[in-house]
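Read through the structure below, which is laid out as structure tokens, and then see the notes.
The numbers here are math on the coordinates, done by the rules we state, and not lab data. Note that this is a predicted model, so its numbers are computed, not measured. Note: ideal-geometry Cβ built from the backbone for every residue, glycine included; neighbour counts use all protein chains shown.
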Amino acid sequence: MKLKKYKLHLSNDMEDKTGLTTISLVNDPAIKQGFITFSNEEPKMEIKFSIQEDRQIVTGPALIPDMEIFRDKPFPRTISISKEMIENTVKKFNKTGRTGNVNPEHQPFLLEGIYPFESFISDSSRGINAPTQFSHLPDHTWYLSYFVESPELWSKIKSGEFNGFSIQGFYDELEVAFSASQKEKNNLEIYNELVNIFKDL
């Protein structure tokens, strides 16, 4: 059966509760794109700089436009976000002053020793390109960089305990309407499933 699709939406109203509250460091990001580490050592997925000291910066995508992500709670569905909503997200996140909120694996406490270094949305029309390692990702992807001051946290990032960013916040979910042909295909899939079920009875 075809899953229902939803688009994330948030209001520009600063008084409502929609918007990002926190960036989370996670082992398995939903968008399946880890971050890259900027250092003077040789871990996997690293960029070398001609510097003397470790810069301790992590860079990676936080939101990818129109990428469908499966969610099973409270019911199975896919969610995605448009480039327009990504831009609104970033504006509101910055305006509400929450960019320094970082937690581990969506735990209910904030990490210390890490703070924002850079934030940008790739936009070829403005000459803002994605990092080379993420050139395969679409235009209008939102990238974040954080400086990791904590030696303990930096060690966990380099060891692979944390591999990417995940967003945490509140969005409205607007169901994407199926076209007539999609509805027919969906009904056919449901019919075929029922036929298979009754065959086994």
Item to complete: Could you sort out which of 2/73; 83/158; 4/91 sit more than 26 Å apart by Cα distance in this structure?
Response: 83/158; 4/91
Discussion item. Please rank 102, 58, 90, 176, fewest neighbouring Cβ atoms within 10 Å first, as an exposure proxy.
Written reply: 176, 90, 102, 58
